[in-house]
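What follows is a single structure, written as C-alpha cells, with notes after it.
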C-alpha cells in the first residue's frame with residue numbers, strides 16, 4: 001500500500017484493483033453495524049462456489065462465515081469487529097480472485113494455513129490501530145488541540161482521557 005503511493009498510483013491490471021477493492025468492504029464492516037455486513041460475505045460465498053474450481057474447494061469460503069458470526073458480537077468485542085472486517089475483505093477478494101485468475105484447487109488448499117495466520121495478525125493490527133488512533137484523537141480533543149467531530153469511543157480510551165459521565169459531549173456520534 002505504501003509502495004503504491006510512493007512510486008505512483010498506476011492501476012495497470014485487475015490484480016491491483018482486486019487488492020484494494022476489498023478494503024472498502026472491510027471499512028464498511030468495521031465502521032457501522034448494518035445488514036450489508038451479513039449480505040456481502042454470503043454473496044461472496046455464493047460467488048466462490050458458483051465457480052467450477054470453487055465447487056471443488058467448497059470448504060475454503062467457510063472462512064467467510066466468520067464475519068457473519070462476528071456481526072452479532074461486534075458491539076461487545078473489538079476483536080470480533082476487527083475479525084469480521086478482515087474476513088469480509090478476504091471474502092470479497094477471494095470471490096473476485098477465483099473468477100479473474102481461476103487459481104487451481106491445490107493453490108486454494110495451500111492458502112488455508114496462510115489465511116488463518118494472516119487474518120489473525122490483521123485482526124490484531126486493526127484492533128491495535130483503532131485503540132491507538134482512538135486514544136490519539138481523545139488526547140488531542142482533551143487538550144483542545146483538535147476537534148474535528150470524530151466519534152471517539154470512550155470504551156477504548158485510557159482512563160485519563162475519558163470524559164466524566166455528566167460532561168457535555170463535543171464529538172459527533174455518527
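What follows is calculated from the coordinates using simple rules that are stated; it is not laboratory data. From a predicted model like this one, the values you see are computed outputs, not experimental measurements. Note: ideal-geometry Cβ built from the backbone for every residue, glycine included; neighbour counts use all protein chains shown.
Here the average projected area of the convex hull drawn through the C-alpha atoms of segment 12-161 stands at 10.2 nm². The length gained on full extension between residue 112 and residue 16, counted as 0.36 nm times the residue separation minus their Cα-Cα distance, comes to 32.4 nm.
Full extension of the segment from residue 43 to residue 6, taken as 0.36 nm per residue of separation minus the current Cα-Cα distance, would add 9.9 nm.
For the chain, the longest principal axis of the Cα atoms and the long axis of helix 36-50 meet at an angle of about 10 degrees.
What is the calculated FRET efficiency for residue 163 to residue 27, with r their C-beta to C-beta distance and R₀ = 25 Å, to the nearest 0.05? According to the calculation, E is roughly 0.40. Between residue 105 and residue 144, the contour length at 0.36 nm per residue exceeds the Cα-Cα span by 8.5 nm. For the chain, adding -39500 (n - 2.57) for each run of n ≥ 4 DSSP H residues and dividing by the number of residues yields -21000 deg cm²/dmol at 222 nm. The long axis of helix 105-142 is offset from the longest Cα principal axis of the chain by roughly 10 degrees. Going by neighbour counts of Cβ atoms within 10 Å, the residues 39, 68 line up, fewest first, as 39, 68.
Backbone N atoms of segment 138-158 closer than 17 Å to the 7 Å Cα→Cβ label point of residue 34 belong to residues 151.
Helix 78-101 versus the longest principal axis of the chain: what angle, 0 to 90°, nearest 10, using Cα atoms? On a 0 to 90 degree scale, this one is about 30.
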